[in-house]
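Undergrad: If you scroll down you'll find the structure; I have some questions about it.
The values are calculated or read from the model by the stated rules, or taken from the named source; none is laboratory data. All values reported here derive from a predicted model rather than from experimental measurement. Cβ atoms come from the backbone with ideal geometry, glycine included; neighbour counts cover every protein chain shown.
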Amino acid sequence: MVLFGFILIVAMSSCSDPDNIGLDLQPTSEIPLVGTQDTFDIQSYTRQEDSLLMYGTYKNSLEVPTLFLGHLEDPNIGSSSGGFVAQVRVGNTIVPGGSGTFGGVISPDSTILSIAYKGFVGDTSAASVHHIYVYELIESLSTDSLYYSGRNYSHSLLPIGELTNFHPNLKDSVNVGGINLAPQIRIPLNQSFGDRIMLEDSLNPSNLEAANFRTYMKGIVVVDTVVGSPGCMMTLVSNSSLDRMTLYYKVGVNPSKYEFIIDANCVRSSFFHHNYITAYQDTNQDNTIAAQSMAGLKTKIKIVNLEKLYAHGKVSINAAKLIFKVKSGTVSAGIFDQHPSLLILGSDSLGKNTTIIDEYEPSSYYGGTFDINTQSYTFNIARYLQQTLTKVVEQGRKDYGLYLVPSGSTSNAQRTILDGGSSIKLIVTYTKVNP
């Protein structure tokens, strides 16, 4: 009879109040206790994310790597810089000699590195001026290796190219040789660098063969400095047909070009450097919390008095809504927008991110999408909570808490600032088991 009453309540709870439905069908001694609890002690600590995987064979099978370039001064969290490294490979086969690809020309008119835009966070107006530097990589990369966001790369002491007084423009097409192309960054490389590449055609033509070129020229490292606040972090497409290193030259009076390629057969990986405000560099609780992409910030969540749900015996968790409110005044439309969605992850004993069982449920159950009306994110962590109660109360094991993290941390440059501590709400709906 108790089991029947419980099933009836669960089945009809979607359309009526679970405190009332079916209770007149059972003797008083067998009525399950249905309740809601929202007086939990929530602690929040903003932490810097571990170095994240940016490039790897399996990761690339799931998503195309995003490249990051720029610098941001965010008054709510601090400063962040991003750059990237990429291999460059031979395009069409280079036929050596005077009657070959370069027609005996040993010096290009110009050499241009082009990368297609994907998006940006920050200010692209004249308030912030970018100065982009390109260096030559002096260490070998392998498409079979893994590359993380915190890695430093060895490169030439002097740049092989630079773009000064630059303002990102993601709206206007770019005219190249009389043809309008999609918005892109075009960085001029040094004449001496272009000369060196073309001279190999006559001095060491084997270096321009596909099998040897990435040993001869191991790749590029691209970084950016910005004057003026708040700056801008650009995201770039890493497999666009526009991602090229192009030699422009003339054979006689005829304009020609040769394109070296950056594509899916090349390593492309970004790296980041952060300098956060003091509040996010200590181990104290934070009443203002943050989730930042680019291997930036995440927030540790601890539910201190969770075991009180078992104060009168075991319960079955029907729903557990964890609610975060965006902090007022931290969103600047078109400059600093909040994430479209966030994620709740678990933590292991070493503080590493782990998945929770609720994450495998459909988004309609799990949640995490930004609600523009309430300016909040809501998650359902009922299954995690049930597991944690069993682990902590029944088995005497330790709970290592949760993490609030950005969605798309390696594919966007956004950040979200929220109210932490007591402003975080956990509302649990439960049924008493065998009362």
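Undergrad: Of these, 270, 364, which one is more than 19 Å from residue 426 (Cβ to Cβ) and outside any strand (DSSP E or B)?
TA: Details: 270 fails: outside any strand (DSSP E or B).
One residue alone meets the criteria, 364.
Undergrad: Right, another one. For segment 387-409, name all the residues that are farther than 15 Å from residue 355 by Cβ and either aromatic (Phe, Trp, Tyr) or modelled with pLDDT of 95 or more (or both). Give the derivation first.
TA: Filtering segment 387-409 for residues farther than 15 Å from residue 355 by Cβ gives 389-399, 406, 408.
406, the sole residue that qualifies.
Undergrad: Quick one: in segment 326-358, of everything that is within 21 Å of residue 233 (Cβ to Cβ) and among the charged types (D, E, K, R), which residue is modelled with the lowest pLDDT?
TA: 337
Undergrad: Here's something else I'd like to know. Please go through segment 60-71 and give me each residue that is among the hydrophobic types (A, V, I, L, M, F, W, C) and modelled with pLDDT of 95 or more, ordered by number.
TA: Going residue by residue through segment 60-71, those that are among the hydrophobic types (A, V, I, L, M, F, W, C) are 62, 64, 67-69.
Answer for segment 60-71, where residues must be among the hydrophobic types (A, V, I, L, M, F, W, C) and modelled with pLDDT of 95 or more: 67, 68, 69.
Undergrad: In segment 125-154, how many residues are surrounded by 11 or more Cβ atoms within 10 Å (Cβ to Cβ), under 25 Å from the mean Cα position of the chain (by Cα) and in contact (Cβ under 8 Å) with a residue 60 or more places away in the chain?
TA: Number of matching residues: 19.
Undergrad: Shifting gears a bit: Any chance you could count how many residues in segment 188-244 are within 30 Å of residue 169 (Cα to Cα), of a type in the set (Gly, Ala, Ser) and surrounded by fewer than 23 Cβ atoms within 10 Å (Cβ to Cβ)?
TA: Residues flagged as within 30 Å of residue 169 (Cα to Cα), of a type in the set (Gly, Ala, Ser) and surrounded by fewer than 23 Cβ atoms within 10 Å (Cβ to Cβ) within segment 188-244 amount to 5.
Undergrad: Taking segment 116-135 as the search range and keeping residues that are hydrophobic (A, V, I, L, M, F, W, C) and part of a strand (DSSP E or B), which one is nearest to residue 333 (Cα to Cα)? Give the derivation first.
TA: Filtering segment 116-135 for residues hydrophobic (A, V, I, L, M, F, W, C) gives 116, 120-121, 126-127, 129, 132, 134.
Next, only the ones that are part of a strand (DSSP E or B) stay: 116, 120-121, 129, 132, 134.
Values: 116: 24, 120: 13, 121: 10, 129: 20, 132: 26, 134: 32 Å.
Looking at the filtered set, the residue picked out is 121.
Undergrad: If you don't mind, there's one more thing I want to ask. Which ones in segment 318-346 are in a strand (DSSP E or B) and either crowded, with 20+ Cβ neighbours inside 10 Å or without any contact (Cβ under 8 Å) to a residue 24 or more places away in the chain (or both)?
TA: So the first thing to find is which residues in segment 318-346 are in a strand (DSSP E or B), and the list is 318-326, 332, 336, 341-346.
Residues satisfying the conditions are 320, 322, 324, 326, 332, 336, 342, 343, 344, 346.
Undergrad: Sticking with this structure for a sec: Just the residues that are assigned to a loop (DSSP other than H, G, I, E, B) and modelled with pLDDT under 95, please, taken from segment 205-241. Steps first, answer last, please.
TA: Going residue by residue through segment 205-241, those that are assigned to a loop (DSSP other than H, G, I, E, B) are 209, 217-219, 228-230, 238-241.
228, 229, 230, 238, 239, 240, 241 - these are the residues of segment 205-241 that are assigned to a loop (DSSP other than H, G, I, E, B) and modelled with pLDDT under 95.
Undergrad: Give segment 22-36 a look and list any residue that's surrounded by 18 or more Cβ atoms within 10 Å (Cβ to Cβ) and either part of a loop (DSSP other than H, G, I, E, B) or at pLDDT 90 or above (or both), or say none.
TA: Start the filter on segment 22-36 by keeping residues that are surrounded by 18 or more Cβ atoms within 10 Å (Cβ to Cβ), which leaves 22, 32, 34.
Across segment 22-36, the qualifying residues are 22, 32.
Undergrad: Whether any residue in segment 180-191 is touching a Lys or Arg at 6+ places or on another chain (Cβ under 8 Å) and not aromatic (Phe, Trp, Tyr) is what I want to check.
TA: There is at least one residue in segment 180-191 that is touching a Lys or Arg at 6+ places or on another chain (Cβ under 8 Å) and not aromatic (Phe, Trp, Tyr).
Undergrad: Starting from segment 106-117, keep only residues that are in contact (Cβ under 8 Å) with a residue 12 or more places away in the chain and assigned by TED's automatic domain parsing to the domain that holds residue 187, then list their pairs with residues that are surrounded by fewer than 19 Cβ atoms within 10 Å (Cβ to Cβ) and aromatic (Phe, Trp, Tyr) whose Cβ atoms are within a distance under 6 Å, requiring at least 6 positions of separation or different chains.
TA: Listed by first residue and then by second, the contacts come to 108/248; 109/248; 110/248.
Undergrad: So, one more: Among the residues of segment 245-254, are any without any contact (Cβ under 8 Å) to a residue 40 or more places away in the chain and assigned to a strand (DSSP E or B)?
TA: So the first thing to find is which residues in segment 245-254 are without any contact (Cβ under 8 Å) to a residue 40 or more places away in the chain, and the list is 253-254.
Applying the additional criterion that residues be assigned to a strand (DSSP E or B) yields 254.
Yes, segment 245-254 has at least one match.
Undergrad: Follow-up question, since we're still on this one. Quickly run through segment 37-56 and pick out the residues that are modelled with pLDDT under 90 and either in the same structural domain as residue 87 (by TED's automatic domain parsing) or surrounded by 14 or more Cβ atoms within 10 Å (Cβ to Cβ) (or both).
TA: Filtering segment 37-56 down to residues modelled with pLDDT under 90 leaves 37-40.
Those that are modelled with pLDDT under 90 and either in the same structural domain as residue 87 (by TED's automatic domain parsing) or surrounded by 14 or more Cβ atoms within 10 Å (Cβ to Cβ) (or both): 37, 40.
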